[in-house]
Amino acid sequence: MPSFTVFKGSKDGSIQQSETKKNDLTGDQVLLKVTASGLCGTDMHYRTSDMVLGHEGVGIVESLGPDAKYLKKGDRVGWGYEHDSCGHCEQCLKGSETYCAERAMYGYADLDQGSFAKGAVWREAFLFKIPDGLPDEAAAPLQCGGATVFNALHSYHTDPVETVGIMGVGGLGHLAIQFASKMGCRVVVLSGSDRKKDEAMKLGAHEFVATKGAKELKVSQPLNRLLVTTSVMPQWDLIMPIMAAGATIHPLSVDEGNFTIPNMSLILNGITVQGSVVASRYVHKRMLEFAALHNIQPIVEKFPMTKEGIEEGMAKLDKGEMRYRGVFVVE
């Protein structure tokens, strides 16, 4: 029976070290030794829950269940937000298993394990081989952060001649800039101030617009697509005039409030507001291959995979001081 150290949230928000025990492997289950985990903003939402935290995991295969066919001991693999689905419904059959009614997602299922841990047991069907060009600490944040922004671009048919707006240069935004740029798009970054302008341009942006205090925004070309990666929604009355007719808006940040947008601008310009979650397995696999091919890597700060290291990383993220993704590394 496998057992491994895990790190859980608690009612008072402190991190608790615990031990998870699993039954002997069955079906296509795979036992992993965790090597790295990304820290995502979603993890902050569950910090006061009695569950193991983390969903941006990378690890090494240690043993396999009797029905595992594709992985072998020693393989490097990653996993993200979704752990399982029914495999038989319409959504699963068409490759949209992230919308399966029986999906097993972080925060709702498998609460006894996560990526803030020394080990894990997951289905082979929901694990992804990590390309050789991606080190563990770079691959970990791609399992959710990278998959989220790539899914918005890939699954909704971004054209390489589009002008793509990226709002925010943070954990999601700095990855979105790289993906959109490498896809051949003209990338316009919108951020509160000029503080991150030089970095955004180095990451692949073609244009940078500071929005704080602005009464009107000006861009060289209207935006065909806008990825909103900030923690709060923008002033839509400023944004709608720079959107192209028929443009698509992707609100990617987790926000409990209502989504409110100027009605007439939406109607008269044929704007689409497209919701999406993390990538399906098909898109996730493509994301990792694309990132390895184009050397797309997150900018990370590393912390040890310990109670103290996790608390330090989460405190830094909570203060808005992380540059740009925290990664916990098993030493």
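Total residues in segment 49-76 satisfying the condition of being in contact with an Asp or Glu (Cβ under 6 Å, 6 or more places away or on another chain) and open to solvent by 20 Å² or more (accessible area, probe 1.4 Å): the figure is 3.
Filtered by the rule that a residue be within 18 Å of Phe7 (Cβ to Cβ) and small (Gly, Ala, Ser), segment 25-79 gives Ala36, Ser37, Gly38, Gly41, Ser49, Gly54, Gly57, Gly59. Among residues that are open to solvent by less than 20 Å² (accessible area, probe 1.4 Å), over 26 Å from Asp318 (Cα atoms) and touching a residue at least 60 places away in the same chain (Cβ under 8 Å), Val169 is not included. Here segment 115-140 is the region considered, the condition is being charged (D, E, K, R) and under 19 Å from Leu39 (Cβ atoms), and the residue that is most open to solvent (accessible area, probe 1.4 Å) is Lys118. Checked against the criteria, Val232 counts as open to solvent by 30 Å² or more (accessible area, probe 1.4 Å) and among the aliphatic types (A, V, I, L, M). Pairs meeting the criteria (first residue in segment 64-75 and in contact (Cβ under 8 Å) with a residue 24 or more places away in the chain and at negative phi, second residue acidic (Asp, Glu) and surrounded by 12 or more Cβ atoms within 10 Å (Cβ to Cβ), beta carbons under 7 Å, at least 6 apart or on different chains) are Gly65/Asp28; Asp67/Asp28; Ala68/Asp28; Ala68/Glu124; Tyr70/Glu124; Leu71/Glu124. Considering (1) touching a helix residue (DSSP H, G or I) at 6+ places or on another chain (Cβ under 6 Å); (2) open to solvent by less than 50 Å² (accessible area, probe 1.4 Å); (3) within 21 Å of Val164 (Cβ to Cβ), the lone condition that Ile271 does not fulfil carries the number (1).
Of the residues examined, Gly184 is one that is in contact (Cβ under 8 Å) with a residue 12 or more places away in the chain and more than 16 Å from the chain's Cα centre (by Cα). A single entry from Pro241, Pro262 fulfils the requirement of being open to solvent by 50 Å² or more (accessible area, probe 1.4 Å) and without any contact (Cβ under 8 Å) to a residue 60 or more places away in the chain: Pro241.
Of all residues in segment 201-215, one or more are surrounded by fewer than 20 Cβ atoms within 10 Å (Cβ to Cβ), aliphatic (A, V, I, L, M) and assigned to a loop (DSSP other than H, G, I, E, B).
Of all residues in segment 77-100, those being in contact with a strand residue (DSSP E or B) (Cβ under 8 Å, 6 or more places away or on another chain) and surrounded by fewer than 20 Cβ atoms within 10 Å (Cβ to Cβ) number 1.
Candidates His250, His284: the one that is buried (at least 18 other Cβ atoms within 10 Å of the Cβ) and touching a Leu at 6+ places or on another chain (Cβ under 6 Å) is His250.
The values are calculated or read from the model by the stated rules, or taken from the named source; none is laboratory data. Not measured: the values here are computed from a predicted model. All Cβ positions, even for glycine, are placed from backbone atoms using ideal geometry, and neighbour counts span all protein chains on display. Calculation scope for accessible area: heavy atoms of the full protein, side chains included, ligands and nucleic acids excluded. Shrake-Rupley method; radii C 1.70, N 1.55, O 1.52, S 1.80 Å.
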